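Q: Quick one: structure below, then a few questions.
The values are calculated or read from the model by the stated rules, or taken from the named source; none is laboratory data. Note that this is a predicted model, so its numbers are computed, not measured. Cβ atoms come from the backbone with ideal geometry, glycine included; neighbour counts cover every protein chain shown.
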Amino acid sequence: MQTMQVLPVLLLSALSLGAAPASAQDAPVRDVTGMVKRPFEVAGKTGSVLIFYWHDCPICNSYAPEINRLCAAHTNFAFYIVQVDPDLTPAAALKHAKDFALLPPVLLDGKHRLVKLAGATTTPEAVVFGNNKNVLYRGRIDNLYPSLDRRRAEATEHDLQDALDAITAGKPIKAQRPAMGCAIQ
């Protein structure tokens, strides 16, 4: 008898809360303007590119032009900058995006939901998700920084570019090397 009384209460509670997302990947994320974005819903696109970013990281900031170039060159992917600093306000993130002329939408991930989902550990780190929401690539953008204290005059290996080209062509990705930059804390 008690089970019969509890069941309607549970059912009403579930209905009033709305349906939960099928997975964490279906959960919405707010961008710097407060708009809800769904980075894994990529209708008409090959996949999503999430670039994990720490606004105070000089290595990240040096990549702004390359991120913009990749975004403009690969319109078949949905690009997002994912700001990971838990203390970063939307206003500060918006100012940063304007200061560095970042083209992709900037998402705020202070609670590191996307960080955990993608397995990101460093900024800048690129993670490419396919239409079926599986990780196709996780790693560095290129080899501009062979170490934290050394920067090449120009990159000689373009890992993210190569991965996006391979995914577009339906070919295997040749290399996934770890990103060099600031640790996500």
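Q: Return yes or no: is Leu70 over 17 Å from Phe40 (Cβ atoms) and outside any strand (DSSP E or B)? Break it down into steps so the answer makes sense when it comes.
A: Values: over 17 Å from Phe40 (Cβ atoms): yes; outside any strand (DSSP E or B): yes.
For Leu70, the condition - over 17 Å from Phe40 (Cβ atoms) and outside any strand (DSSP E or B) - is met.
Q: Further question on the same structure: Considering each of Val115, Val135 in turn, give the residue that is β-branched (Val, Ile, Thr) and within 18 Å of Pro28 (Cα to Cα).
A: Criteria check complete, one pass: Val115.
Q: Follow-up. From Val135, Val127, Val82, Val106, grab the single residue that is among the hydrophobic types (A, V, I, L, M, F, W, C) and surrounded by fewer than 16 Cβ atoms within 10 Å (Cβ to Cβ).
A: Of Val135, Val127, Val82, Val106, the one residue that is among the hydrophobic types (A, V, I, L, M, F, W, C) and surrounded by fewer than 16 Cβ atoms within 10 Å (Cβ to Cβ) is Val135.
Q: Just to verify a result, which residue in the range 109-124, among those that are more than 28 Å from Gly44 (Cβ to Cβ) and of a type outside the set (Ser, Thr, Tyr), is surrounded by the most Cβ atoms within 10 Å (Cβ to Cβ)?
A: Going through the qualifying residues, I end up with His112.
Q: Here is a follow-up. Could you check Ala175 against (1) in a loop (DSSP other than H, G, I, E, B); (2) at pLDDT 95 or above and say which number it fails?
A: Result: Ala175 fails condition (2) only.
Q: Do you know which of the residues in the range 138-153 that are free of Cβ contacts under 8 Å to residues at least 60 places away in the same chain and touching an Asp or Glu at 6+ places or on another chain (Cβ under 8 Å) is surrounded by the most Cβ atoms within 10 Å (Cβ to Cβ)?
A: Residues of the range 138-153 that are free of Cβ contacts under 8 Å to residues at least 60 places away in the same chain, as a first pass: 138-140, 143, 146-147, 149-150, 152-153.
Remaining after also requiring touching an Asp or Glu at 6+ places or on another chain (Cβ under 8 Å): 138-140, 143.
Numbers: Arg138: 21, Gly139: 19, Arg140: 24, Asn143: 15.
The qualifying residue surrounded by the most Cβ atoms within 10 Å (Cβ to Cβ) is Arg140.
Q: Here is a follow-up. Kindly list, by first and then second residue, each pair from a residue in the range 154-179 that is on the phi > 0 side of the Ramachandran plot to a residue that is surrounded by 12 or more Cβ atoms within 10 Å (Cβ to Cβ) and outside any loop (DSSP other than H, G, I, E, B), limited to pairs with Cβ atoms under 7 Å and residues at least 6 apart or on different chains.
A: none
Q: What number of residues in the range 77-107 are over 16 Å from Ala126 (Cα atoms), in contact (Cβ under 8 Å) with a residue 40 or more places away in the chain and touching a helix residue (DSSP H, G or I) at 6+ places or on another chain (Cβ under 7 Å)?
A: 0
Q: So Glu41 clears everything in (1) surrounded by fewer than 17 Cβ atoms within 10 Å (Cβ to Cβ); (2) of a type in the set (Asp, Glu); (3) at pLDDT 95 or above except one condition, right? Which one?
A: (3)
Q: In the range 111-121, is there at least one residue being among the polar types (S, T, N, Q), modelled with pLDDT under 95 and not in a helix (DSSP H, G or I)?
A: no
Q: Do we find a residue being part of a helix (DSSP H, G or I), over 19 Å from Gly181 (Cβ atoms) and of a type outside the set (Lys, Arg) anywhere in the range 73-81?
A: Yes: the range 73-81 contains one or more residues that are part of a helix (DSSP H, G or I), over 19 Å from Gly181 (Cβ atoms) and of a type outside the set (Lys, Arg).
Q: Restricted to the range 48-96, and to residues that are among the β-branched types (Val, Ile, Thr) and within 14 Å of the chain's Cα centre (by Cα), which residue is farthest from Val128 (Cα to Cα)?
A: Out of the qualifying residues, it is Val84.
Q: On to the next question. Which one is farthest from Val135 (Cα to Cα) among residues in the range 167-185 that are surrounded by fewer than 16 Cβ atoms within 10 Å (Cβ to Cβ) and of a type in the set (A, V, I, L, M)?
A: Ala183
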